[in-house]
Amino acid sequence: MFKYNHTYIASCGKESGIYHYVTEGDSIIFKEITPLDRVMYMCIEGQKLYAILREPFEDSKNSGIVSFDIADDGTLTNQSDITSTMGEVCAHLDVIDSKIFAANYISGSVAFLPDKLITHTGIGVNQPRQDKPHCHFVSITPDKKYVLVCDLGIDKIITYDMQLNYISEASVPAGYGARHLAFSPDGKLCYCVNELVSSVSVFRYNDGSLEYLETYATLPNDFKEKNTAAAIRIEGGYLYVSNRGHNSVAVMKIEGERLSNPKYFDCGGDGPRDININGDYLFSTNEQTNNVTVLKIKDGELTLTDTVFTMTDPLNVIFN
């Protein structure tokens, strides 16, 4: 069964946009596309959908954020003006009480829109990818008191208050490249997927502070080809990570503060940039093969279904 009725997929083509699908029983039906130029990522707060546009301004390389009202039938309406993220290639955003936070990857900065910007400094050991800071993720903490930012370029997870004042920081192993976070349902554990050395680092979380525990590989020991881990999700006592290169979803059972050895499941495409879970189904946005696949979940095991959507550069999938 699907938990949510509406699926939105971000297509990062120049003449693409946000694809909207609706569920009917066990079927997923295409409804409409909202045309936009190069959608990078999306999030939903209340009855609004927020989307990052990679480079929407004629006189600037900065990214921008646009919002829509979500109608009762899931249609996106009342498009807002575009607000600059004050940085290049914004990769992620989060919204709380209509307050928008954005992570600018190329610029290595985090923004509190419309006008506060913090730019990170430093370099990492994994060259050339860690030539400078690269903010890849921003999220409000489960206690709604802090903002966490993953900086892939300097291997750090930095904690700010809600006005982007520095609080503290934690590190993943040097050169691993902190990319995205997921929290345990009780908010006490934080999991960081590392892109450059495909793995998950586990932290205890307490009032804005992260305490490092351990790091787990997301690849089989005998896989020696290039891989970059990407998305991380938690559902039903299992942790899911997408592997770009191995082209799999690694599934680990959460066992207290530890993770089990992964099981690996074919994602049905090449370059699974994002995965997300809707009830009994996992969606995989496969950037390199321009398709989105749907896998059935049962007890932490994944099985490919016949449902496949085709679109240019699918980067992100969310539900409502």
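The values are calculated or read from the model by the stated rules, or taken from the named source; none is laboratory data. Predicted, not measured: the structure shown is a model, and the values here were computed from it. Every residue, glycine as well, gets a Cβ built from its backbone with ideal geometry; the counts of neighbours run over all protein chains shown. Surface accessibility is based on the protein's heavy atoms, side chains included, excluding ligands, DNA and RNA. Shrake-Rupley method; radii C 1.70, N 1.55, O 1.52, S 1.80 Å.
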Next item on the list: Would you list, by chain and number, the aspartates and glutamates whose Cα falls below 16 Å from the Cα of K31, excluding same-chain residues fewer than 8 positions away?
Entry: D72, D73
Notebook entry, point to check: Dividing the convex hull volume of the alpha carbon atoms of the range 37-178 by its residue count, what do you get in Å³ per residue?
Noted result: 116
Checklist line | Positive minus negative residues near A170 (Lys, Arg vs Asp, Glu; Cβ under 14 Å) | finding: -4
Item checked: Computed P(r) (all Cα pairs; the chain; 10 Å bins; percent) -> 6, 28, 38, 24, 4, 0
Check: According to a simple spin-label model (label point 7 Å from Cα along Cα-to-Cβ), what is the distance in nm between K132 and K48?
Finding: 3.1
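In the range 14-119, what GluC sites (Glu not before Pro) fall in a loop by DSSP, with at most 14 other Cβ atoms inside 10 Å?
Filter output for the range 14-119: E15, E58.
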Note to self: Under a crude label model (7 Å from the Cα following the beta-carbon direction), how far is I29 from K298 in nanometres?
What the structure shows: 2.7
Checklist line | Partner lysines for K224 [C-alpha distance under 20 Å; skip if fewer than 8 residues away on the same chain] | finding: K263
Notebook entry, point to check: Excluding ligands and nucleic acids, what accessible area in Å² is computed for K145 using a 1.4 Å probe, to the nearest 10?
Noted result: 100
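Of K99/K226; K48/K188; K3/K132, which sit over 30 Å apart, Cα to Cα?
K99/K226; K3/K132
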Notebook entry, point to check: Could you give the length gained on full extension between D143 and N165, defined as 0.36 nm per residue of separation minus the Cα-Cα distance, in nm?
Noted result: 6.2 nm
Notebook entry, point to check: For the chain, what's the relative contact order in percent, using C-alpha pairs closer than 8 Å and at least 6 residues apart?
Noted result: 12
Checklist line | Neighbour-limited loop hits for GluC sites (Glu not before Pro), the range 214-302 (at most 15 other Cβ within 10 Å; DSSP other than H, G, I, E, B) | finding: E225, E257
Notebook entry, point to check: Can you give me the pair-distance distribution of the range 223-320, C-alpha pairs, 5 Å bins, whole percents?
Noted result: 3, 15, 26, 26, 18, 9, 3, 1
Next item on the list: Taking all protein chains together and a probe of 1.4 Å, list T121, T285, T228, T312 from the most accessible to the least accessible.
Entry: T121, T312, T228, T285
Check: Roughly how many nanometres apart are two label points built 7 Å out from the Cα toward the Cβ at T305 and D72?
Finding: 2.7
Checklist line | Restricting the range 263-320 to trypsin sites (Lys or Arg not before Pro) in coil, as DSSP defines it, with at most 12 other Cβ within 10 Å | finding: none
Check: Rounded to two decimals, what ratio of Rg to Rh does the range 130-237 give with C-alpha atoms and a Kirkwood Rh?
Finding: 0.97
Next item on the list: Would you please give the FRET efficiency between S260 and L213, computed as 1/(1 + (r/R0)^6) with r the Cβ-Cβ distance and R0 = 22 Å, to the nearest 0.05?
Entry: 0.90
